[in-house]
Structures are given as C-alpha cells and as structure tokens.
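Read the structure below first, then the notes.
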Amino acid sequence: MADSYRVLYIEDDENNFFLVRRTLEVLTNVEIVHAATALEGLKLAKECSPDVILMDIQLPGMDGLELTRKMKKEETLKDIPVLALTANVMKGERERAFDAGCVEFVAKPFSLRQFRKLVAKHLGLDLP
Ligand code: MN
C-alpha cells in the first residue's frame with residue numbers, strides 16, 4: 001500500500017474544486033491537484049501520475065468525456081480510474097460516460113460522504 005495518494009480534479013468551476021477539496025480533507029494522505037481545462041488536465045495527468053482522476057463533464061472546449069477517451073488511448077494514463085462528475089444530467093449522459101471509459105458517474109446533488117467513500121474506494125483505502 002502506498003503512503004500517499006494523488007487525485008487530479010479537472011474542473012472549470014473553482015467553487016466545485018474547493019468543495020471537493022474540503023470533502024476529501026479528512027483523507028490526510030491524499031493530495032488534490034487541480035486543472036481548470038481539459039488540456040491542462042491532460043498535461044498534469046502525464047506529469048503528476050495521479051491515482052484517481054475526477055472529471056467534470058462540462059468543460060469549455062474539449063469536454064470531460066472527450067478528454068477521458070483521449071486518456072484511455074494513452075499507455076501511461078489508460079489504467080487510471082476516471083470518475084465522472086456532472087452538474088446537469090442530460091439524457092444518456094451516464095451511458096456516454098461509461099462508454100468513454102469512466103468507472104463511476106456522480107451527478108449533483110450528491111452526498112459528500114458517499115462521494116468521499118467512492119474516491120477512497122478507488123484509491124484502495126478503507127474508510128470507517
Ligand atoms: Mn464545468
């Protein structure tokens with residue numbers, strides 16, 4: 001088991017990032033890295049080798065699902081679990097997220113506690 005973990009959160013809305021960072025704060029050995037655009041996210045994913053990627057679906061320019069598909073084609077990134085996050089669920093979006101290669105689909109409003117458990121699960125951490 002690793003001593004520390006890194007979560008990359010690709011999200012254009014800073015407030016969502018702050019909320020999620022606060023939610024995951026109890027996981028003291030987890031560092032959260034933020035990217036505000038898909039391209040920045042792709043670059044950071046390659047640089048910081050995250051254990052889990054949290055992917056906002058609605059990003060300006062390249063959206064989160066397109067970015068996920070791109071990552072799944074990259075040898076160094078394809079095995080990192082991608083958890084999709086979305087604010088407004090459109091018809092068929094859950095299916096599209098799984099088709100793109102996401103392992104989870106989290107739609108707002110969601111329980112912060114459940115969300116934390118989900119992230120911990122994909123990091124291989126046990127939460128009480
Ligand atoms: Mn967004």
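Readers should treat all values here as calculations from the given coordinates under stated rules, not as data from a laboratory. These numbers were taken from a predicted model, which means no experiment stands behind them. Neighbour counts are summed over all protein chains in view; Cβ atoms, including those assigned to glycine, are modelled from backbone coordinates with ideal geometry.
Assorted remarks:
- Within the stretch 1-117, strands (runs of 3 or more DSSP E) holding 1 or more residues that are crowded, with 17+ Cβ neighbours inside 10 Å, touching a His at 6+ places or on another chain (Cβ under 8 Å) and touching a residue at least 60 places away in the same chain (Cβ under 8 Å): 52-56
- Residue match in the stretch 75-84 (condition: farther than 23 Å from Arg113 by Cα and within 11 Å of the chain's Cα centre (by Cα)): no
- Meets criteria (of a type outside the set (Val, Ile, Thr) and under 15 Å from Ile10 (Cα atoms)) for Ala87: yes
- Total residues in the stretch 43-64 satisfying the condition of being of a type in the set (A, V, I, L, M, F, W, C), closer than 10 Å to Ile10 by Cα and within 16 Å of the ligand (Cβ to nearest atom): the figure is 5.
- Criterion (closer than 16 Å to Tyr5 by Cα and more than 13 Å from the ligand (Cβ to nearest atom)) met by exactly one of Gly92, Gly124: Gly124
- Residue list for the stretch 21-40, restricted to those being within 23 Å of Arg94 (Cβ to Cβ) and within 12 Å of the ligand (Cβ to nearest atom): Ala38
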